[in-house]
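K.L.:
Before I ask anything, here is the structure I am working with.
The values are calculated or read from the model by the stated rules, or taken from the named source; none is laboratory data. Predicted model only: the values in this text are computed from it and were never measured. Note: ideal-geometry Cβ built from the backbone for every residue, glycine included; neighbour counts use all protein chains shown. To get the accessible areas, we keep the full protein, side chains included, count just its heavy atoms, and leave off ligands, DNA and RNA. Shrake-Rupley method; radii C 1.70, N 1.55, O 1.52, S 1.80 Å.
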Amino acid sequence: MKKGQILEGYIERVDFPNKGFAVVEDEEKKVIVKNTVPEQKVRFAVNKIRKGQAEGRLLEILEHSPEECQPACPHFGVCGGCTYQNLPYEKQVEMKEAQIHAMMDAAVDGDYIWEGVKESPVREAYRNKMEFSFGDEYKDGPLALGMHKRGSFHDIVNVTECKIVDEDFRRIIKAVLEFATDTGLPYYHRMRHTGFFRHLLVRKAVRTGEILIDLVTTSEAQLDEARLVEKLTGLSYDGKLAGILHTTNNSLADVVKDEGTKILYGQDYFYEELLGLKFKITPFSFFQTNSLGAEVLYEAARSYIGETKDKVIFDLYSGTGTIAQILAPVAKKVVGVEIVEEAVEAAKENAALNGLDNCTFWAGDVLKVIDDLGEVPDLIVLDPPRDGVHPKALEKIIDFGVERMVYIACKPTSLARDLELLQGRGYQVERIGCVDLFPSTYHIETVVLLSQQKPDDTIEIDLDLDELDATSAETKATYQEIKDYVLKEFGLKVSNLYISQIKRKCGIEVGENYNLPKTENPKVPQCPKEKEDAIKAALKYFAMI
């Protein structure tokens with residue numbers, strides 16, 4: 001087998017995300033061919049051989065699988081947005097469940113409860129946000145506005161009949177393409193870094209029907225703002241137009257980046273409702289793209305979290321604070337951390353909008369902010385971006401030692417990697433379930449409940465302090481009594497380690513620690529000044545200093 005060779009084979013299985021394994025006659029090794037489904041016979045070109053594993057580019061489907069159906073979307077197969085529209089929805093879910101279950105079995109140490117996949121309440125027109133790109137369908141062809149062509153970095157497919165969005169999205173994309181074509185201005189060329197039109201961002205709330213439109217361009221030319229507003233306000237919508245925006249983006253990266261946004265009409269936000277709460281959403285803040293599916297996801301996460309009364313909960317990677325506010329009514333306090341400042345401001349407004357005064361939100365990278373939160377959580381919810389949690393941030397999260405942690409993953413391969421560290425540091429996977437927020441694609445959300453491992457057996461020992469020749473100071477208060485005092489008087493949670501450090505500083509003898517780290521020169525966290533003062537106050541209260 002060599003690069004460039006044209007081969008035929010049957011797809012034996014498909015692994016996550018969309019890796020089909022083709023069995024080729026007279027070849028010992030199987031070839032990975034993406035965008036296929038089991039039982040297809042395909043023709044492909046070998047385009048990569050790495051570490052003994054060959055990969056091929058799909059050229060033609062020679063025989064369809066008996067499970068296949070006619071795709072509802074005319075763009076399917078050309079557009080790279082959807083993967084499995086050629087399978088009935090039940091088969092899509094069945095395949096995703098088999099893929100994630102196998103992946104989790106390999107990643108989890110020991111037994112756990114597998115709860116399968118909860119289906120999306122809607123299977124078409126479910127997306128509340130789309131980012132469309134400007135380009136051409138072929139080199140030097142007419143202007144196009146839509147999704148990247150499957151397997152292509154350059155070519156754009158007009159998706160005016162896209163089925164994962166509703167009719168309002170389709171009306172908007174047609175109108176904006178007409179407007180852009182009439183101006184005669186070029187699209188932004190990703191290689192030459194020249195041109196004007198870059199992206200079209202459209203967001204629409206399912207419950208309120210409010211629509212936000214944002215045209216993204218470079219600053220290379222002048223946008224005819226009045227004409228754009230006239231074009232878009234003249235459309236007939238099923239929903240309600242909340243705002244039209246113009247964002248400037250001169251960055252080299254092919255992403256929607258806000259380098260200045262101007263309101264051309266209406267406002268730069270809209271409202272959505274989930275689980276009885278109202279959320280203000282801004283152009284670039286994170287919010288689950290399937291609103292009705294998100295309700296299923298958050299209900300699942302809430303059931304995993306369990307008892308929250310009188311608990312302090314950390315919602316890390318909190319976006320616009322959706323999870324935080326869903327948990328706040330049944331918790332003592334919820335602290336959210338999110339790197340996008342715009343989303344944090346929206347989260348604060350949302351909490352006030354919903355009458356929740358026990359939520360606080362911090363703007364910043366979890367890795368950098370977590371040391372400054374001034375709180376010790378009882379429970380932690382993680383909902384990180386696709387790349388998962390930074391290893392150093394995950395170490396800090398683990399050091400809190402919470403009894404339960406819920407991890408919500410939009411990319412199960414990142415979850416599998418993070419589970420290795422979590423389990424290595426004493427957390428055990430209890431339950432795993434999935435929610436299909438992305439019908440017709442290979443994406444899926446996975447929810448995991450982890451609990452801190454506890455010893456199976458305990459031994460009670462009665463000690464006579466006189467026999468141990470304990471000093472009078474050591475008999476005055478236990479570590480737990482000191483903890484309780486500090487929590488009651490200062491609202492701070494302190495560890496045995498911190499109490500021992502301050503005792504030593506004050507000249508009080510403490511016992512030897514036999515539970516030492518196995519690594520050489522371990523980094524031992526030092527007691528913060530605020531907690532040191534509180535512990536000293538407790539020692540004075542108990543007449544130990």
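K.L.:
Compute the Rg to Rh ratio over region 395-453 from the alpha carbon atoms, using the Kirkwood formula for Rh, and round to two decimal places.
P.N.:
Working: Rg = 12.4 Å, Rh = 12.1 Å.
Computed over Cα atoms, the ratio is 1.02.
K.L.:
I've got another one for you. Any idea what the dipole of region 129-274 comes to, in debye rounded to 20, about its Cα centre with Lys/Arg Cβ at +1 and Asp/Glu Cβ at -1? Don't skip to the end; give the middle numbers.
P.N.:
Numbers: 19 positive and 24 negative charges, 56 e Å.
In debye, rounded to 20, region 129-274 gives about 260.
K.L.:
With Cβ to Cβ distances under 11 Å as the rule, what net charge do the other residues near Y269 carry (K, R +1; D, E -1)? Before the final figure, lay out each step's value.
P.N.:
Details: positive: R203, K280; negative: E210, D268, E272, E342, E345, E349.
Every neighbour counted, the sum reads -4.
K.L.:
Next up: Can you give the percent of C-alpha pairs in region 187-342 whose distance is more than 28 Å? List each step's numbers first, then the result.
P.N.:
On the way: 4145 of 12090 pairs.
For region 187-342, the fraction of Cα-Cα distances above 28 Å is 34 percent.
K.L.:
Given Cβ point charges of +1 (Lys, Arg) and -1 (Asp, Glu) and nothing else, what value in debye, to the nearest 20, does the dipole of the chain about its Cα centre take?
P.N.:
In debye, rounded to 20, the chain gives about 1460.
K.L.:
Once the mean 1/r over all distinct Cα pairs of region 332-406 is inverted, what Kirkwood radius in angstroms do you read off? Each step should come with its number before you reach the end.
P.N.:
Values: mean 1/r = 0.0756 Å⁻¹.
After inverting the pairwise mean of 1/r, the radius is 13.2 Å.
K.L.:
While we're on this one: Farthest toward the dipole's positive end in the chain, which of I156, Q288, A351, given Cβ charges of +1 (Lys, Arg) and -1 (Asp, Glu) about the Cα centre?
P.N.:
Working it through, the farthest residue towards the positive pole turns out to be I156.
K.L.:
So if we plug the beta-carbon distance of E509 and R417 into 1/(1 + (r/R0)^6) with R0 = 35 Å, what FRET efficiency do we get, rounded to 0.05? Walk me through the numbers before you get to the answer.
P.N.:
Working: r = 44 Å, r/R0 = 1.26.
My answer for the efficiency is 0.20.
K.L.:
In nm, to one decimal, how far is the E307 label point from the D484 one, both placed 7 Å along Cα→Cβ?
P.N.:
About 1.8 nm, to one decimal.
K.L.:
Residue-wise, which Karplus ³J(HN,Hα) couplings in Hz belong to region 312-321, taking 6.51 cos²θ - 1.76 cosθ + 1.60, θ = phi - 60°, and x for glycine or proline?
P.N.:
Once rounded to whole Hz, the list reads 9, 10, 9, 10, 8, 6, 7, x, 7, x.
K.L.:
For the pair E259/S152, report the inter-label distance in nm, with labels modelled 7 Å from Cα in the Cβ direction.
P.N.:
Distance between label points: 2.7 nm.
K.L.:
What nm distance separates the two modelled labels at E67 and S236, each placed 7 Å from Cα along Cα→Cβ?
P.N.:
Simple spin-label model gives 4.2 nm for this pair.
K.L.:
Positive end of the charge dipole of the chain (Lys, Arg +1 and Asp, Glu -1 on Cβ, about the Cα centre): tell me which of Y304, V37, A98 has its Cα farthest that way.
P.N.:
V37
K.L.:
Next question, about the same structure. For a quick size check, give me the Cα extents of region 91-236 along its three principal axes, largest first, whole Å.
P.N.:
Result for region 91-236: principal-axis Cα extents of 61, 38, 24 Å.
K.L.:
How big is region 274-326 by the Kirkwood estimate over distinct Cα pairs, in Å?
P.N.:
Values: mean 1/r = 0.0824 Å⁻¹.
In region 274-326 this quantity evaluates to 12.1 Å.
K.L.:
Quick one: Debye curve from the C-alpha atoms of region 317-372, no solvent, what's log10 I(q)/I(0) at q = 0.14, 0.27 Å⁻¹?
P.N.:
Debye intensities relative to I(0), on a log10 scale: -0.31, -1.03.
K.L.:
Quick one: the Cα spread of the chain along its three principal axes, in angstroms, biggest first?
P.N.:
For the chain, the Cα extents along the three principal axes come out at 90, 65, 41 Å.
K.L.:
All other residues with a Cβ under 11 Å from the Cβ of P66 taken together, and with Lys, Arg as +1 and Asp, Glu as -1, what is their net charge?
P.N.:
Working: positive: K91; negative: E39, E63, E67, E68.
Surrounding charge for P66 is -3.
K.L.:
If you roll a 1.4 Å probe over region 1-68 with all protein chains in place, what percent of the accessible area is carbon or sulfur?
P.N.:
43
K.L.:
Send over the per residue convex hull volume for region 1-68, Cα only, as a whole number of Å³. It would help to have the intermediate numbers written out before the result.
P.N.:
Working: hull volume 5.3 nm³, N = 68.
Convex hull of Cα atoms, per residue: 79 Å³.
K.L.:
Something else now. Roughly how many debye, to the nearest 20, is the charge dipole of region 1-68 about its Cα centre, given +1 on each Lys and Arg Cβ, -1 on each Asp and Glu Cβ, and no other charges?
P.N.:
Numbers: 13 positive and 13 negative charges, 125 e Å.
Result for region 1-68 is approximately 600 debye, rounded to the nearest 20.
K.L.:
What does the net charge come to around E39 if you take all other residues with beta carbon closer than 9 Å to its beta carbon, with K and R at +1 and D and E at -1? Before the final figure, lay out each step's value.
P.N.:
Numbers: positive: K41; negative: E12, E63, E67, E68.
Local net charge: -3.
K.L.:
Which of G276, M130, T183 sits farthest toward the positive end of the charge dipole of the chain, with +1 on the Cβ of Lys and Arg and -1 on the Cβ of Asp and Glu?
P.N.:
The one lying farthest along the dipole's positive direction is T183.
K.L.:
Compute the longest continuous run of the chain that contains no exposed trypsin sites (Lys or Arg not before Pro); treat a site as exposed when its DSSP state is not H, G, I, E or B and it has at most 10 other Cβ atoms within 10 Å.
P.N.:
Numbers: sites that count: K2, K51, K139, R192, K309, R386, K518, K523.
Segment 387-517 is the longest.
K.L.:
Separate question: Just to confirm, what accessible area per residue do you get for the chain at 1.4 Å probe, in whole Å²? Walk me through the intermediate numbers first.
P.N.:
Numbers: 27000 Å² over 545 residues.
With the other protein chains kept in place, the chain gives 50 Å² per residue.
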